[in-house]
Amino acid sequence: MEFVDTYVIPGAIIVAQILAVVVPLLVAVAYLTYFERKVIGAIQLRKGPNVVGPFGLFQPFADALKLLSKETILPAGANKIIFLLAPMLTFVLSLIAWAVIPFGEGMVLADINVGVLYLFAISSLGVYGVIMSGWASNSKYAFLGALRSAAQMVSYEVSIGFVIITVLLCVGSLNLTAIVEAQRTVWFAIPLLPMFVVFFISALAETNRAPFDLPEGESELVAGYFVEYSSMSFALFFLGEYANMILMSGITVVLFLGGWLPPFDIAPFNWVPGPIWFMLKISLILFVFLWVRATFPRYRYDQLMRLGWKVFLPLSLLWVVITAGVLVAFDWVP
């Protein structure tokens, strides 16, 4: 009985905590697809999904059932093991990054002191799923899409790195909870506004979203790196992309919008629980993701690279120097 008390029960609690994060996240991913179609439909003066269930609310379940019931086709020339591993890797990486994201005060799976480094590591691994899928498909279109995506993600990760350094200089810690707590007086989106904008645009590029969806360019690459995928293997890429959108929105909220903190520490704002504020802020960032998709045309590839290397990189480097200079000049040590 001692063995059960010591090992099984804590293990069950950990599993319950993980499920408490993963299950709502999967539901959010499903309904983000519905929300996207409704928002873009409204912007284009259409109705969007409105047939399956009231207001089309059961559309995500219909889509899931359709994908589940389709046949998984393996191309004859594909490397089958890597071909099937790639979408799994993409999907799993989009979930395990949530381990260090704080939803509220004390509400985090792993409150580690190097949370930012952990997120860096996971986001860097994300490109492997795309490269593996493009190479293993044995298709020219898929391979070109994978090469584009690899170059794009690496280019914008550099800018994201410098942007995060400016936040770390202001906080003096790599712990995500400490970063949120440091914003009790003012959210970093205000003093670091240019970096907030750069981070958000880089997040669009990092998640391969419009107007930076070059790896999936339908006009020239059919569908990019997942052109040979079908059924659940395609669905895993699809889920991974939307889970990454929610993840990048969550990171944006933690770094720049005060995490779970209310906008004003007065009634009635501070009556609302922290996790609710966190979700509302993520929803706002996700709406801007969708708004951008419906508004801007796709960039040319040379424009995409120029923006990353000749605009964002020098700007973020300059802002690191300015931030460090201001902190030293005013003798402000976090």
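A few points about this structure:
- Under the span-like rule (Cα at least 27 Å along the axis, Kyte-Doolittle mean at least -0.5), DSSP H helices of the chain: 9-43, 115-136, 140-171, 231-256, 274-295
- Close lysine pairs were tallied over the chain: pairs 8 or more places apart or on different chains with Cα atoms under 25 Å apart number 8.
- Relative contact order [Cα under 8 Å, 6+ residues apart], the chain, whole percent: 23 percent
- Electrostatic bookkeeping for Asn244 treats Lys and Arg as +1 and Asp and Glu as -1; over the other residues with beta carbon under 10 Å from its beta carbon, the sum is -1.
- Exposure ranking of Trp260, Trp271, Trp277 by accessible area [1.4 Å probe, largest first]: Trp271, Trp277, Trp260
- Shape category assigned to segment 276-334 from the gyration tensor of Cα positions, a/c cut at 1.5: oblate
- Across Glu181, Glu36, Glu71, the residue with the most accessible area heads the list, and the full order at a 1.4 Å probe is Glu71, Glu181, Glu36.
- Overall form of segment 50-174 per C-alpha gyration tensor (a/c, 1.5; a/b vs b/c): oblate
- Taking Lys and Arg as +1 and Asp and Glu as -1, the other residues whose beta-carbon sits under 13 Å from that of Ser155 total 0.
- Rounded to the nearest 20, the Cβ-based charge dipole of segment 164-256 about its Cα centre (Lys and Arg +1, Asp and Glu -1) stands at 520 debye.
- Dipole of the chain, positive direction: furthest Cα of Gln17, Ser283, Val116, with charges on the beta-carbon: Ser283
- Cα gyration tensor category, rounded, prolate or oblate, for segment 126-207 with a/c compared to 1.5: prolate
- Electrostatic dipole magnitude of the chain [Cβ: Lys, Arg +1; Asp, Glu -1; Cα centre; debye, to 20]: 1020 debye
- Ordered by solvent-accessible area of protein heavy atoms (1.4 Å probe), largest first, the residues Val326, Val180 come out as Val326, Val180.
- Sorting 80-89, 10-19, 207-216 by average packing, meaning the other beta carbons within 10 Å per residue, from highest down gives 207-216, 80-89, 10-19.
- Local electrostatic count at Gly308 - Lys and Arg +1, Asp and Glu -1, tallied over other residues with Cβ under 12 Å: -1
- Whole-Å distance, taken between Cα centres, linking segment 87-160 and segment 252-292: 24 Å
- Accessible carbon and sulfur surface of the chain relative to its total accessible area, %, 1.4 Å: 73 percent
- Solvent-accessible surface of the chain, taken per residue with a 1.4 Å probe and all protein chains present: 50 Å².
- Measuring only protein heavy atoms, the 1.4 Å probe finds Phe35 accessible over about 80 Å².
- Kirkwood Rh, Cα atoms: Rg over Rh of segment 175-334: 1.04
The values are calculated or read from the model by the stated rules, or taken from the named source; none is laboratory data. These numbers were taken from a predicted model, which means no experiment stands behind them. A quick note on method: Cβ atoms are made from the backbone with ideal geometry, for glycine too, and the neighbour counts reach across all protein chains shown. Accessible surface is based on the protein model in full, side chains and every heavy atom, while ligands, DNA and RNA are left aside. Shrake-Rupley method; radii C 1.70, N 1.55, O 1.52, S 1.80 Å.
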